[in-house]
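For reference, the structure discussed in these notes is given below.
The values are calculated or read from the model by the stated rules, or taken from the named source; none is laboratory data. What you see is a predicted model, and the numbers here were worked out from it, not measured in a lab. Cβ placement follows ideal geometry from the backbone for every residue including glycine, while neighbour counts extend to all protein chains displayed.
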Amino acid sequence: MRRASDQNGSRWLLAAGAAGAAVLTIGWLVAGTLQDGADVRRGAISDLGAANADRAWLWNVPLTVAGVLIAIFALGLYRVLRPSFTAGLGAGLIAIAGIGLALEGAVFQLDCRETEPHCEGRPSYSWQHSAHELETALGFLALLVAIVLLALRFRREPDLRILWRYSLLSAAAFVFLLLLSGLAEESDWEGIVQRLLVTVLLAWIAVVGIRLARPAWKVLPPRRRIPEGDG
């Protein structure tokens, strides 16, 4: 009975990943639509929560909520895939990234929208602004490494080979879009490239969470080979 309860608890934790991905996606769509002066095509997603953004809470609230949900998802990953060093490290990195997102929404807001002329090249920024930029870079790196580590773990489970291939494809797409975002910096489509990049990460979280939350899947010990003639 307790094992069934633990499995149900793990499924709820894993489902939090899909919920977090949905909250984050809806958040930037709503904020980008309702905020005055929002430039979805050129501006980074973080601009939606800048201190001088119109109704910045439209982005910062869902960002904080989604970050907490993704950290919860990481706990579900750990519970389902343990014991495994790679899975534990991957889940830990996802938890760190989720907590970082929550801090970005609650504390580490940008001082200004970086698409605005007076924002770029300012002589100084607040510590919150600097912390936001540092956390964004580290968060992306943590998620990329986590995807690769968990891909290695998925490869060991025959029922999860599809997640292994999907994880490798997601990591490759992430790297490609990251390089493309460097080329698109300060262009008219920088914001679009960044949204595509984040969508790749959120889609991976949602797909993995939903797949592992399915009642039909659980980690099983190796099957014993029964000699012929027994039983």
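With respect to the conditions (1) in a helix (DSSP H, G or I); (2) touching a residue at least 40 places away in the same chain (Cβ under 8 Å), A53 falls short on a single one, namely (1).
When the range 66-110 is filtered for residues that are in contact (Cβ under 8 Å) with a residue 12 or more places away in the chain and not in a helix (DSSP H, G or I), the ones remaining, listed by number, are S84, V107, F108, Q109, L110. Looking at L58, L63, L48, just one residue is crowded, with 17+ Cβ neighbours inside 10 Å, within 20 Å of D111 (Cα to Cα) and in contact (Cβ under 8 Å) with a residue 40 or more places away in the chain, and that residue is L63.
Evaluated against (1) in contact with a Lys or Arg (Cβ under 7 Å, 6 or more places away or on another chain); (2) modelled with pLDDT under 85, A213 falls short on exactly one condition, (2). For the range 9-65: of the residues being among the aromatic types (F, W, Y) and under 19 Å from the mean Cα position of the chain (by Cα), which is farthest from T199 (Cα to Cα)? Once the filter is applied, the top-ranked residue is W12. If the condition is being surrounded by fewer than 18 Cβ atoms within 10 Å (Cβ to Cβ), of a type in the set (G, A, S) and within 20 Å of R211 (Cβ to Cβ), then the range 66-111 contributes S84, G88. Can you work out which of the residues in the range 15-28 that are modelled with pLDDT of 95 or more and not small (G, A, S) is surrounded by the most Cβ atoms within 10 Å (Cβ to Cβ)? Step by step, filter the range 15-28, then rank; the result is L24.
Evaluating D39 against the criteria (1) closer than 30 Å to E116 by Cα; (2) modelled with pLDDT of 90 or more leaves one unmet condition, (2). Look at A172 and say whether it is among the hydrophobic types (A, V, I, L, M, F, W, C), surrounded by 17 or more Cβ atoms within 10 Å (Cβ to Cβ) and at pLDDT 95 or above. Against the criterion (among the hydrophobic types (A, V, I, L, M, F, W, C), surrounded by 17 or more Cβ atoms within 10 Å (Cβ to Cβ) and at pLDDT 95 or above), A172 does not qualify. Checked against the criterion of being farther than 26 Å from L110 by Cα and either of a type in the set (G, A, S) or assigned to a loop (DSSP other than H, G, I, E, B) (or both), the range 204-212 has at least one qualifying residue.
When residues in the range 139-154 are screened for being aromatic (F, W, Y) and touching a Lys or Arg at 6+ places or on another chain (Cβ under 9 Å), 1 of them pass.
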